[in-house]
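Student: Got a structure here, written out as structure tokens. Questions coming.
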Amino acid sequence: MRILKVIAFVVITSCSSSKDITNKPIIKDGEFLVGATLNYHELDTKKEELYLKDFKYLTPANAAKQSAIHPKPNVWNWDKINDFIDFANKNNLVVRLHGPISPQASRWAKADQRTPKELETNMTEFATAFAKRFNNEPSVKWMDVVNETILYNGDWFGPKSGTDKWENPWLQIGLDENGYPLYILKAFEIATKYATNLKLVYNQNAGMDDVLWDKLKKTILYLRSKGYRVDGIGWQGHLLLGAKRKDFVDNIDESMEKLSALIDWAHQNNLEFHVTELDYLVKDGSKLESERQIQKEVYQKIVHVLKSKVNNGVVTLNLWDLGVRFKKGTGEFQSIYDKDLNPTPAHEVISNALK
């Protein structure tokens, strides 16, 4: 079964100061692009085989993040992401690089003694080298520029003590005169200048909280007012983690209405919309079978909303992993295959929706 075909689609960017990148083939108008994430250790395994059977859109999971490529000043490691690019080129894949300025930062950056100047230098080095390196890679179509910038309550996501917590150290660089983080402005400034051939995505986690998305919309419009290019919104879609159970199970119809409205706003503002990291958290393993049925139902509703928007602008869906991902103290994140790599009910939704 071949789930999708990648065909040419012309997209007009919104920022007049950006370079014309409309000659970059992505997807045809009306097509629904679905892909999945592979981890580096999954190359040359059964998961790679399953991936290539169905997908042509790839997100290399953690291999493009700052913590992997530029863990400290004067230290660089491009080996893993280079292998992914070779894999994509060999198999004619399109790639979104999840290599943003984000909480996926190095322990060096998270260290409490780091000064704003040190952080700015380290971030600028990474963002500049990253954009320059991948700008002319034929398989790379998108890059996440920033990720997880806003909390569910609308506050900017910032640092925490120590180096072992989920935190965003870059906020320490400071805010501009209008209260916007300097690291976000700098990241899009660099990407606009050096990633002229790529689509630039503002990626965000959590659910459909109005205060969060209102702030993200204002931030995108502010970035554009500065002359920086923003081409797409990314929503992670970690269901029952950031996107809470009360939203995506208990109040699914209301959340679908909000998702639909968010996609409409994106398209009305000449932005693509990407679901970048879809999976489904199961905390209680004793309820796994019933939870997988709920996952199937929720996935069906999400796919229905996404497919209803494809004639208005670019819409994509990326599954985070293909199988089961365990996180200690949190639970098991479900995708479309079980631990033995047999299809789960959610697999049926993905395959049937794209026939």
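Student: Efficiency by 1/(1 + (r/R0)^6): what FRET value for Ile252 and His41, r their Cβ-Cβ distance, R0 = 51 Å, to the nearest 0.05?
Tutor: Numbers: r = 34 Å, r/R0 = 0.67.
It comes to 0.90.
Student: For q values of 0.20 Å⁻¹, compute log₁₀ I(q)/I(0) with the Debye formula on a Cα-only model of the stretch 228-302, without solvent.
Tutor: For the stretch 228-302, the Cα-only Debye profile gives -0.87.
Student: Can you list the residues, at least 5 places off or on another chain, whose amide H is less than 5 Å from the amide H of Leu175, using H built in the peptide plane?
Tutor: The list, which skips near neighbours in sequence, is Leu182.
Student: Taking just the C-alpha trace of the stretch 313-355, give me its Rg and Dmax in Å.
Tutor: 12.3, 39
Student: Here is a follow-up. Between the stretch 301-355 and the stretch 101-143, what's the alpha-carbon centroid distance in Å?
Tutor: Distance between centres, Cα-based: 29 Å.
Student: Any idea what log10 I(q)/I(0) is at q = 0.07, 0.09, 0.12, 0.13 Å⁻¹ for the chain, Debye with uniform C-alpha scatterers and no solvent?
Tutor: Log-scaled intensity ratios, in q order: -0.27, -0.45, -0.85, -1.02.
Student: Return the long-range amide H neighbours of Trp235 (sequence gap of 5 or more, or a different chain), with a cut-off of under 5 Å between placed amide H atoms.
Tutor: Gln204, His274, Val275, Thr276
Student: Can you give the FRET efficiency to the nearest 0.05 for Thr128 and Thr163, using r as the Cβ-Cβ distance and R₀ = 22 Å? Working shown, then result.
Tutor: Details: r = 24 Å, r/R0 = 1.10.
The pair Thr128/Thr163 has a calculated efficiency of 0.35.
Student: If you roll a 1.4 Å probe over the stretch 258-337 with all protein chains in place, what percent of the accessible area is carbon or sulfur?
Tutor: On the way: 1440 of 3110 Å².
That fraction is 46 percent.
Student: Let me cross-check Glu137: its accessible surface, 1.4 Å probe, with only protein heavy atoms counted, in Å² to the nearest 10?
Tutor: Counting only protein heavy atoms, the figure is 50 Å².
Student: If one takes the longest principal axis of the Cα atoms in the chain, at what angle in degrees, from 0 to 90 and to the nearest 10, does the Cα axis of helix 252-268 lie?
Tutor: Roughly 50 degrees, rounded to the nearest 10.
Student: Taking 8 Å as the Cα distance limit and 6 or more residues as the minimum spacing, I'd like the relative contact order of the stretch 252-337 as a percentage.
Tutor: Details: 99 pairs, mean separation 34.0, N = 86.
Across the stretch 252-337, relative contact order equals 40 percent.
Student: So, one more: Nearest 10 degrees is fine. How inclined is helix 79-90 to the longest principal axis of the chain, computing both from alpha carbons?
Tutor: 50 degrees
Student: Ignoring ligands, DNA and RNA, please state the percent of accessible area on the stretch 75-115 from carbon and sulfur, probe 1.4 Å.
Tutor: Working: 730 of 1740 Å².
Solvent-exposed carbon and sulfur of the stretch 75-115 make up 42 percent of the total.
Student: Can you give the charge dipole size of the chain about its Cα centre, rounded to the nearest 20 debye, using +1 on the beta carbon of Lys and Arg and -1 on the beta carbon of Asp and Glu? Working shown, then result.
Tutor: Working: 48 positive and 46 negative charges, 124 e Å.
In debye, rounded to 20, the chain gives about 600.
Student: One quarter of the convex hull surface, Cα atoms only: what value does that give for the stretch 125-185 in nm²? Each step should come with its number before you reach the end.
Tutor: Working: hull surface 23.8 nm².
So the Cα hull casts an average projection of 5.9 nm².
The values are calculated or read from the model by the stated rules, or taken from the named source; none is laboratory data. Everything quoted here is computed from the prediction, not taken from an experiment. Cβ coordinates were reconstructed from backbone atoms using ideal geometry, including for glycine residues, and neighbour counts include every protein chain displayed. What goes into the accessible areas is simple: the full protein's heavy atoms, side chains included, and nothing from ligands, DNA or RNA. Shrake-Rupley method; radii C 1.70, N 1.55, O 1.52, S 1.80 Å.
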